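Participant: One structure, pasted below without further comment.
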Amino acid sequence: MFKALLKFKKSRNGWEQIRKEIEEEFVQLAKECFGPDLYAILLYGSAARGMYREGVSDINLLILYRKATHDQLAQFGKKVGSMIRKRRITPLLMSREEFLHSADVFPLEYIDIRNAHRVLFGPDDTASLDLTLKNLRHQTEERLRGSLNQLRQILVASEGKTKLLANYLRSWSGISNALFRALILLRGKDSHSMDPEQLIHSLEREYRLPKGVFSAFERFRRGETRDPMELAGNLLKSLELLTRVVDSLPEEPLEEAV
């Protein structure tokens, strides 16, 4: 318990050390590149949820503009490229119009953004997103089926070699906390304030999954020694079960807004 508290404190300190750099330097560079066409910059993801872990978490930034040329985008990349690499920044860039009109395609990501974000510049349009559980179910099923296909491809590509499979699994991004939150939301439960451990426990309970599979995978990605073949098999079974359940969810009760 004491070690966990120390780790959490270190993570908070790590975020505080770079927060000012993101809020001031990064935002200023964006203003210089896009000028009056820059509309808003929002922080979302683990940093916005207070769960940032230095060296592990990405810093997710939504950058909205009124319009942008290819020259502006290239210049922006030139100015912030080193900071993006150093701070593990994942920028999501689009026009404000694209953002508001793509909620039916990306409800999983946008629900996550709307439920936990901080405005670093400009107005906050997240409340204007038209988000429905019907669209969320469709995207969640698509994401699960894509993850299943990726995992099967990883098993084939590893050629039965344990070390190669371990490397592929550690770099695989087929499952995420955002996906888990969407799955729990589809069960009618509020998940946006749950930490990663609570998410997994809730997911196992709501979908009657074998216990410990996703937790074991998370520890494996952090360096814990585990049989990668057994782990991949357990992940495959859990994802297949989740996909079948989501595919069987009824359409009609999911029409209400999220």
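Participant: State which entries of Lys31/Lys78; Lys20/Lys86; Lys189/Lys237; Lys163/Lys211 exceed 21 angstrom in Cα-Cα distance in the structure shown.
Facilitator: Values: Lys31/Lys78 14 Å; Lys20/Lys86 15 Å; Lys189/Lys237 24 Å; Lys163/Lys211 25 Å.
In this structure, Lys189/Lys237; Lys163/Lys211 exceed 21 Å between Cα atoms.
Participant: If each of Asp37 and Met83 carries a label point 7 Å out from its Cα toward its Cβ, how far apart are those two points in nm?
Facilitator: Each label point is offset 7 Å from its Cα along the Cβ direction, giving 1.9 nm.
Participant: Still on this structure, please answer the following. How high is the relative contact order of the chain, in percent, counting Cα pairs under 8 Å that sit 6 or more residues apart?
Facilitator: Reported relative contact order: 18 percent.
Participant: In straight Cα distance, which aspartates and glutamates are under 18 Å from Lys134, not counting same-chain residues fewer than 8 positions off?
Facilitator: Answer for Lys134, where 18 Å is the Cα cut-off: Asp104, Glu109, Asp112, Glu142, Asp190, Asp247, Glu251, Glu252, Glu255, Glu256, listed by chain and number.
Participant: Output the 0 to 90 degree angle, nearest 10, between the alpha-carbon long axis of helix 162-171 and the longest principal axis computed from the alpha carbons of the chain.
Facilitator: Computed tilt is about 40 degrees.
Participant: Mind checking the dipole of the chain: about its Cα centre, +1 per Lys or Arg Cβ, -1 per Asp or Glu Cβ, Debye to the nearest 20? Walk me through the numbers before you get to the answer.
Facilitator: Numbers: 41 positive and 36 negative charges, 276 e Å.
I would put it at about 1320 debye.
Participant: 222 nm [θ] for the chain, helices only, -39500 (n - 2.57) per DSSP H run of 4+, per residue, to 500?
Facilitator: -18000 deg cm²/dmol
Participant: What are the residues whose amide H is under 5 Å from the amide H of Phe121, where those residues sit 5 or more places off or on another chain and H is modelled from the backbone?
Facilitator: Ile41
Participant: Compute the helix-to-body angle for 228-247: its Cα long axis versus the longest principal axis of the chain, expressed 0 to 90° and rounded to tens.
Facilitator: 80
Participant: Oh, and also: When Thr243, Thr162, Thr126 are ordered from fewest to most other Cβ atoms inside 10 Å of their Cβ, what list results?
Facilitator: Starting with the residue having the fewest Cβ neighbours, the order is Thr162, Thr243, Thr126.
Participant: Can you give the angle from 0 to 90° between the axis of helix 196-207 and the longest principal axis of the chain, with both taken from C-alpha atoms, to the nearest 10?
Facilitator: The answer is roughly 50 degrees.
Values in this text are rule-based calculations from the coordinates and carry no lab data. Predicted model only: the values in this text are computed from it and were never measured. Methodologically, a virtual Cβ is constructed for each residue, glycine included, from the backbone with ideal geometry; neighbour enumeration extends over all protein chains shown.
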